[in-house]
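Asker: The structure is given below, and queries will be raised subsequently.
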Amino acid sequence: MRPCDGARRTRATEAMKLILLVYLKVVHQIFIKVTARRGRACMLVPLLAAALPALAQEAPYLDDRSDPVALIRSYYNAIDRQEYARAYSYFSEDMAPDYAGYVKGYAETAHVALTVGAPVSEGAAGSIYTTVPIALEATDLEGKRTVYAGCITARQVQPSIQEPPFRPIQIAAATLRRSDESLDRALPSLCNSQ
């Protein structure tokens, strides 16, 4: 066996899982529309509805706010698992968008893949701001992939000066733009600091 065969097999397995997930989500939506028009229940709809969350949550649960990179990975893990309330909780109050609109923005997203660059930190008035370059590949329900690239800034208020309630590291700012590059080439080399 050549050294890359295992890696190729892993990528192929992940690709097949994604294709199956997208296929089942599309079939589920079609059956819901068809049965709604006919006014009849279909046994396949409840079966698909039960199977989809299990497939959508194959990525292991990750909720780590110990450093800015872990925070960003956790945020996109929540998006990938369609756990939008958890993803929303990573935003600072100043940054948080309207929740209903936020969730609606991910309605057609089946999967996200993330690449993270080297973080750059600086201190300011009792806080540490860390800017992290990222590239993100979003796959929609039809299997179309779109790449975005940019920077996310995380803020950590110095724990020793906080009073309850404690505020963990939070996403303070984000700037992402669509990229024509592939995921592995879209990662910015650096970000402008806050």
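The values are calculated or read from the model by the stated rules, or taken from the named source; none is laboratory data. Here the structure is a predicted model, which means the values were calculated and not measured. Positions of Cβ are backbone-derived with ideal geometry, glycine not excepted, and every protein chain shown enters the neighbour counts. We work out accessible area using only protein heavy atoms, side chains counted, and drop any ligands, DNA or RNA first. Shrake-Rupley method; radii C 1.70, N 1.55, O 1.52, S 1.80 Å.
Asker: Of all residues in the range 118-138, which are surrounded by fewer than 18 Cβ atoms within 10 Å (Cβ to Cβ) and among the β-branched types (Val, Ile, Thr)?
Answerer: Of everything in the range 118-138, just one residue is surrounded by fewer than 18 Cβ atoms within 10 Å (Cβ to Cβ) and among the β-branched types (Val, Ile, Thr), namely Ile128.
Asker: What pairs come up if the first residue lies in the range 152-166 and is free of Cβ contacts under 8 Å to residues at least 40 places away in the same chain and of a type outside the set (Phe, Trp, Tyr), the second is open to solvent by less than 70 Å² (accessible area, probe 1.4 Å) and part of a loop (DSSP other than H, G, I, E, B), and their beta carbons are under 6 Å apart, counting only those six or more places apart or on different chains?
Answerer: Note: pairs meeting the criteria are Gln158/Gly126; Ile161/Gly126.
Asker: Out of the residues in the range 158-174 that are part of a strand (DSSP E or B) and of a type in the set (A, V, I, L, M), which is most open to solvent (accessible area, probe 1.4 Å)?
Answerer: If we take residues in the range 158-174 being part of a strand (DSSP E or B) and of a type in the set (A, V, I, L, M), then Ala174 is most open to solvent (accessible area, probe 1.4 Å).
Asker: If you don't mind, another one. If you check every pair at least six apart or on different chains, which have Cβ atoms under 6 Å apart with a residue in the range 78-90 that is under 13 Å from Ala59 (Cβ atoms) and assigned to a helix (DSSP H, G or I) first and a residue that is open to solvent by 20 Å² or more (accessible area, probe 1.4 Å) and of a type in the set (A, V, I, L, M) second?
Answerer: That search, which allows pairs on different chains as well, returns Asp80/Ala59.
Asker: Now for a separate question. Which of the numbered conditions does Val69 fail, given that it passes all the others? Conditions: (1) loosely packed, with under 15 Cβ neighbours inside 10 Å; (2) touching a residue at least 60 places away in the same chain (Cβ under 8 Å); (3) not in a strand (DSSP E or B).
Answerer: (1)
Asker: Could you pull out the residue among Arg155, Arg177 that is part of a strand (DSSP E or B), open to solvent by 20 Å² or more (accessible area, probe 1.4 Å), basic (Lys, Arg) and in contact with a Gly (Cβ under 7 Å, 6 or more places away or on another chain)?
Answerer: On inspection, the qualifying residue turns out to be Arg177.
Asker: Residues that are open to solvent by 20 Å² or more (accessible area, probe 1.4 Å), at pLDDT below 95 and closer than 23 Å to Asp63 by Cβ: does the range 139-152 have at least one?
Answerer: No - not one qualifying residue is present in the range 139-152.
Asker: Can we say Val103 is closer than 20 Å to Ile72 by Cα, open to solvent by less than 60 Å² (accessible area, probe 1.4 Å) and without any contact (Cβ under 8 Å) to a residue 24 or more places away in the chain?
Answerer: Judged against the criteria, Val103 is a match.
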